[in-house]
Amino acid sequence: MVLSKTSSESDDSVHSTFASRYVRTSLPRFEMPEKSIPKEAAYQIINDELMLDGNPRLNLASFVTTWMEPECDKLMMASINKNYVDMDEYPVTTELQNRCVNIIARLFNAPLKEEETAIGVGTVGSSEAIMLAGLAFKRNWQNKCKAEGKPYDKPNIVTGANVQVCWEKFANYFEVELKEVKLSEGYYVMDPIKAVEMVDENTICVAAILGSTLNGEFEDVKLLHDLLIEKNKQTGWDTPIHVDAASGGFIAPFIYPELEWDFRLPLVKSINVSGHKYGLVYAGIGWVIWRTKQDLPEELIFHINYLGADQPTFTLNFSKGSSQVIAQYYQLIRLGYEGYRNVMENCRENAIVLRKGLEKTGRFNIISKDEGIPLVAFSLKDNSLHNEFEVSETLRRFGWIVPAYTMPADVQHVTVLRVVIREDFSRTLAERLVSDIVKVLHELDTLPARLNAKMVEAEENNLMINNNNVKKTEIEVQRAIADFWKKYVLARKASVC
């Protein structure tokens, strides 16, 4: 007689994950399952879902680093279980963080003596760094107002309308008025003249962007500084500058060394930079550096001793991993000045190749500038039949993630495509992308206009009905079309999730 055994539902001795019961039913999405599953099954199920993500290397929307050397990967994995905040338990990690702060401060020309220690801190990114810098400006301004017997309840910051959303978060969370300099068509960064005109006695700082997210352009920090010096002399104020160098801080020192934007300008009191962008580290590391100790109020620094020793801390969060700090130090000593310069020059050259390839098609206007972050921002010369959002959507079929977006208020009728050139974007990929964009254009040319022409007619008819037959202007129609496509793309993304 042959004896056989049927596996019970609780039998976890699975020889093949795909033959097991764990892949036959859906796992709970919003509640913890009642029973455990084998580690192999858990890994396979999650890994399979993650296959539907885009390829990070082909995500040309992001400024964030997507490749590091295997040796650095090993260092990061070896320290993944270290809590950065446990300074007494991990003194070497703390020392590496301090070395990074001092290296970056000197890279930004902080006025330090040979053995003097720089003032700065590692953060989880430039958003936290900006929050900390903004708090320091606010507290210094409040202390000054209190000492002079003046009101201190209405602080403001002057920025361009092109600032990253973290500045809006800071203003909202910490009750600071955000005074934005409006953009104009063809000029998509903050105008220093208009910015200085908006400064008043309640301005805690003017924030300049070294590398706009919209088109990569560097704002003219030197001109802003000189104009602000004159205004301070005339008014008796001492309004300072913060430089948001999230993207440009690891670019300008290496390929634009003569550009004056950093601590060489006396009014620049703090600078933030993202280590996880052109600092060449995976996501999760930023830095903020202050000019002098006096620029960071002592009352903002907390001291704790319950981890084994007195430890100063000035961060918005507490616990965080050590891996990114160690990775940043690795990159700084591994590449050195020469290595960073070579990487940035290569990025710039590949951006030029891409830009020339797009110009050669005769179909695009280039929005980005030659001097700035190595990216190419461009728009269609004629988007009456097919627009930038359609180009972006069609490129996804080739694997490319190229964002399409509208500019901020007052120029929101301008729609732009943007390709960020990172370290791992090779010349071959640049040429391949141009080739695929040409294919997309040819494909769209063979198709009827999907919605644009109909939208124009519908929008015109709608406005004529609601406004006594007053026809929309061309810019108003373009804005309506751009708004429609923004909603369309967001709806598509929501349906995927």
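Remind me, relative contact order of the chain in percent, using alpha carbon pairs under 8 angstrom and six or more residues apart?
18
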**Prompt:** Dimensions of the stretch 225-265 along principal axes (Cα, Å, largest first)?
**Reply:** 36, 19, 12
**Request:** Round to the nearest 10 and report in Å² the accessible area of Tyr282, as given by a 1.4 Å probe over the protein chains' heavy atoms.
**Result:** 60
**Message:** Need one number: % antiparallel among DSSP beta bridges in the chain, to the nearest 5.
**Reply:** 60
**Prompt:** Could you give the accessible area per residue of the stretch 75-334, probe 1.4 Å, as a whole number in Å²?
**Reply:** 42
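If you filter the stretch 37-108 for GluC sites (Glu not before Pro), then keep DSSP loop positions with at most 16 other Cβ within 10 Å, what is left?
Values: sites: Glu40, Glu49, Glu71, Glu89, Glu95; in loops: Glu89.
Counting only loop positions with at most 16 other Cβ atoms within 10 Å, the GluC sites (Glu not before Pro) in the stretch 37-108 are Glu89.
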**Message:** Counting only protein heavy atoms and a 1.4 Å probe, tell me what percentage of the chain's accessible area is made up of carbon and sulfur.
**Reply:** 53
**Request:** For the stretch 75-334, report the translational diffusion coefficient in µm²/s to the nearest whole number, using Stokes-Einstein at 37 °C, 0.692 mPa s, and a Kirkwood Rh over Cα pairs.
**Result:** 174
**Request:** Determine how large the accessible area of Glu201 is when every protein chain is in place; take a 1.4 Å probe and give Å² rounded to the nearest 10.
**Result:** 110
**Request:** With an 8 Å cut-off on Cα pairs and a minimum separation of 6 or more residues, tell me the relative contact order of the stretch 75-334 in percent.
**Result:** 29
**Asked** Percent relative contact order of the stretch 268-367, based on C-alpha pairs within less than 8 angstrom and at least six residues apart?
**Response** 20
**Message:** Kirkwood Rh over alpha-carbon pairs of the stretch 347-445, then Stokes-Einstein at 4 °C and 1.567 mPa s: what D in µm² s⁻¹, rounded to an integer?
**Reply:** 95
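Eigenvalues of the Cα gyration tensor times 5, then square-rooted: what semi-axes does that give for the stretch 392-447, in whole angstrom, largest first?
Numbers: eigenvalues 97, 62, 14 Å².
Semi-axes from the Cα gyration tensor: 22, 18, 8 Å.
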**Rg to Rh, two decimals, where the chain supplies the alpha carbon set and Rh follows Kirkwood** = 1.03
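The values are calculated or read from the model by the stated rules, or taken from the named source; none is laboratory data. Computed from a predicted model, the values in this text were never measured in an experiment. Every residue, glycine among them, receives a Cβ derived from its backbone with ideal geometry; neighbour counts consider all protein chains shown. Accessible surface is based on the protein model in full, side chains and every heavy atom, while ligands, DNA and RNA are left aside. Shrake-Rupley method; radii C 1.70, N 1.55, O 1.52, S 1.80 Å.
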